[in-house]
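The values are calculated or read from the model by the stated rules, or taken from the named source; none is laboratory data. As the structure is a computational prediction, the values presented were derived from the model and not from experiment. Ideal geometry is used to build each Cβ from the backbone, glycine not excepted, and the neighbour counts take in all protein chains shown. These accessible areas exclude ligands, DNA and RNA; they are computed on the full protein's heavy atoms, side chains included. Shrake-Rupley method; radii C 1.70, N 1.55, O 1.52, S 1.80 Å.
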Amino acid sequence: MSRQTLLFAALFIVALAIWQLGDVTLAPPAAPKTEHYQPDFIAKDLVTTRFDETGKRSERLESVYAEYFQLLEQATFDKPIVYLFDDKGDAEWKVTAETGVLNTDDNVILRDKVHLDGLLPTSFISTLDTPYLELDLVTQDVRSNRQVAIVAKEFQTEGVGLKGHLDRKYFELLDQGHAIYFNEKR
């Protein structure tokens with residue numbers, strides 16, 4: 001037993017010496033790493049216009065404040081206004097929102113008080129209101145997964161979820177849709 005006692009005593013002394021000499025400090029657990037991206041450039045009162053291959057305006061983007069992040073390949077906007085033009089160069093659609101994000105694939109995500117106006121007398125809808133809207137600037141496809149209200153000359157409709165196409169004059173409410181149709185007196 002004395003050999004075991006001496007062995008445990010020796011191991012204890014060696015461990016105590018290593019602990020004192022090593023000055024071991026326990027590191028606090030690593031905090032979750034958060035990325036703080038800095039914009040590559042900032043713009044105030046931004047106005048940018050895109051033209052098609054024939055030189056006609058295809059869209060115009062205005063914003064009170066914008067930030068571009070090259071690493072994320074996106075731009076963020078405060079109070080964006082997007083104008084889409086028809087083949088003749090006339091402003092056909094105007095979309096406004098409180099905030100927006102433009103991705104490099106020309107997909108605009110608009111949030112908070114999104115309002116779309118049909119600017120031409122021949123527009124098939126007058127207004128569209130929703131808290132969230134995705135707009136593909138190339139194909140003019142629109143999508144939303146939130147409450148949508150549409151007002152036109154002949155009808156008024158509401159529902160949840162939307163998919164459609166501005167150029168083809170097509171909208172589909174995906175859920176809980178109801179409409180009121182107006183008949184002109186003859």
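Scaled against 2.2 N^0.38 Å for its residue count N, the alpha carbon radius of gyration of the chain is 1.88.
In this simple spin-label model, placing a label point 7 Å from the Cα along the Cα-to-Cβ direction at both ALA149 and ASP136 gives a separation of 2.9 nm. Mean-square fluctuation check for the chain, GNM, Cα pairs under 10 Å: which of ALA149, ALA97, ALA30 is largest? Maximum fluctuation in the GNM of the chain, among the listed residues, is at ALA30. Counted residue by residue at 0.36 nm each, then reduced by the alpha carbon distance between them, the extension gain from ASP117 to THR48 reaches 22.9 nm. Partner aspartates and glutamates whose Cα lies under 20 Å from the Cα of LYS56, excluding those fewer than 8 positions away in the same chain, are identified as ASP86, ASP87, ASP90, GLU92, ASP106, ASP136, ASP167.
Here's the picture: charge each Lys and Arg Cβ at +1 and each Asp and Glu Cβ at -1 in the chain, and of VAL101, ALA43, LEU6 the one pushed furthest to the positive end of that dipole is LEU6.
Angle of helix 2-22 to the longest C-alpha principal axis of the chain, folded into 0 to 90 degrees and rounded to 10: 50°. Between the beta carbons of ASP167 and PHE41, assuming R0 = 25 Å, the FRET efficiency works out to 0.20 to the nearest 0.05.
With a Förster radius of 41 Å applied to the beta-carbon distance between GLN176 and ALA15, the computed FRET efficiency rounds to 0.05.
For SER126, the residues whose amide H sits under 5 Å from its own are VAL151, ALA152, LYS153, ignoring neighbours fewer than 5 places away on the same chain, with H placed 1.01 Å from N. Just the protein heavy atoms count here, and of the accessible area of the chain at 1.4 Å, carbon and sulfur take up 55 percent. Sparsely packed loop sites in segment 88-175 (the chymotrypsin sites (Phe, Trp or Tyr not before Pro) outside DSSP H, G, I, E and B with at most 15 other Cβ atoms within 10 Å) comprise PHE124.
Accessible area per residue was computed with a 1.4 Å probe on protein heavy atoms; GLU134 scores about 40 Å².
Multiply the residue separation of TYR65 and PHE8 by 0.36 nm, subtract the distance between their alpha-carbon atoms, and state the gained length in nm to one decimal. Write out the running numbers ahead of the final one.
Values: separation 57, 0.36 × 57 = 20.52 nm, distance 7.14 nm.
Taking TYR65 through PHE8 to full extension adds about 13.4 nm, to one decimal.
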